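These notes concern the structure reproduced below.
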Amino acid sequence: MVDTEPFGEYCEFGGDRVYLLVALARAKENEGTTSNTAPAIRKVVEDESDLDRKAAELDHAASRFDERFRLYLTANARDALKATFELRRSMDDWLEGRIHGDEGVRAKFKRVDGEFVSTLQSDACRDETNFVFDLDDATAADRDALVDDLRDHTEVALTRETPNGYHVVTDPFNYNKLATGVEYELKTDGMVFVSYLDG
């Protein structure tokens with residue numbers, strides 16, 4: 001069973017705000033899988049009560065595959081209304097292409113639900129700009145040092161242990177002013193590790 005309790009406190013639902021839970025089979029953890037063929041399954045989470053159910057659905061869906069999956073949550077809420085308008089614009093382009101003989105767009109019409117979720121996950125549809133500091137090969141002391149340095153600049157919203165280190169999620173700020181001795185990769189529209197899926 002996936003523990004989503006910390007994310008219920010982190011997520012801010014309301015209006016057109018949603019999040020995505022993503023089950024991802026990473027190529028580096030699955031022999032014979034490339035980044036182009038690695039399966040990814042996504043579910044839209046509309047409110048806090050959806051978190052457990054959608055995580056369970058993804059766990060079940062991942063069990064059909066041989067690969068090992070990680071479960072992630074988008075660090076930034078997504079704007080479902082904005083995604084609807086973005087998808088409509090894309091669909092107009094598909095229609096125009098189809099009218100002019102582009103057979104490649106035919107498949108898009110058969111998977112509009114998947115296209116909507118892809119659009120929802122795009123940078124253009126994020127509803128906030130939280131940062132994810134990804135610390136690989138880091139210790140708890142490294143995480144604590146970074147959190148202390150970050151608190152001089154912003155609010156730390158969430159910290160999560162990952163298989164390779166830690167994710168630290170903050171409110172946006174001028175990260176050029178951050179001075180720290182801890183190595184990190186900054187993601188401005190990243191995902192936060194939730195857990196491995198047992199499948």
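The gain in end-to-end length when the residue 140 to residue 112 segment is fully stretched comes to 5.8 nm, 0.36 nm per residue minus the alpha carbon separation. The value of relative contact order for segment 4-77, using C-alpha pairs under 8 Å at least six residues apart, is 44 percent. Note on the chain: GNM, Cα springs under 10 Å; of 174, 164, 130, the largest mean-square fluctuation is that of 174. Here the Gaussian network model covers the chain, with springs between Cα atoms less than 10 Å apart; of 73, 95, 51, 95 fluctuates the most. Got a sec? Charge dipole of the chain, +1 on Cβ for Lys and Arg, -1 for Asp and Glu; which of 99, 22, 69 is way out at the positive end? Result: 99. Relative contact order, whole percent, for the chain stands at 26, derived from Cα pairs under 8 Å and 6 or more residues apart. Among 127, 59, the order of accessible area from largest down is 127, 59, computed with a 1.4 Å probe on protein heavy atoms. As a fraction of the 1.4 Å probe accessible area of the chain, surface on carbon and sulfur atoms comes out at 43 percent.
Which residues in segment 98-136 place their backbone N less than 13 Å from a point set 7 Å from the Cα of residue 88 along the Cα-to-Cβ direction? Taking a point 7 Å out along Cα→Cβ of residue 88, no residue of segment 98-136 has its backbone N under 13 Å.
The calculated Kirkwood hydrodynamic radius for segment 4-77 is 13.0 Å, given to one decimal from all distinct C-alpha pairs.
Placing dummy labels 7 Å off each Cα toward the beta-carbon, the span from residue 40 to residue 64 is 1.9 nm. Across 53, 98, 17, mean-square fluctuation computed from a Gaussian network of the chain (C-alpha pairs under 10 Å connected) peaks at 98.
Applied to segment 101-118, the Karplus parametrisation 6.51 cos²θ - 1.76 cosθ + 1.60 on θ = phi - 60° returns per-residue 3J(HN,Hα) values of x, 6, 6, x, 7, 4, 5, 4, 5, 7, 9, 4, 4, x, 5, 5, 5, 4 Hz, with x for Gly and Pro. For segment 17-25, the Karplus equation 6.51 cos²θ - 1.76 cosθ + 1.60, evaluated at θ = phi - 60°, returns couplings of 7, 9, 10, 10, 9, 10, 8, 10, 9 Hz by residue, with Gly and Pro reported as x. Does segment 33-122 classify as rounded, prolate or oblate by the C-alpha gyration tensor (a ≥ b ≥ c root eigenvalues; a/c under 1.5 gives rounded; else a/b over b/c gives prolate, otherwise oblate)? Since a/c reaches 1.5 but b/c is at least a/b, the shape of segment 33-122 is classed as oblate.
Mean shadow of the chain, computed from the convex hull of its alpha carbons, in nm²?
Approximately 12.9 nm², given one-decimal rounding.
The values are calculated or read from the model by the stated rules, or taken from the named source; none is laboratory data. Keep in mind that what you see is a predicted model, and the values were worked out from it rather than measured. We place every Cβ from the backbone using ideal geometry, glycine too, and count neighbours over all the protein chains shown. Each accessible area value is taken on the protein alone, full model and side chains, heavy atoms only, with ligands, DNA and RNA left out. Shrake-Rupley method; radii C 1.70, N 1.55, O 1.52, S 1.80 Å.
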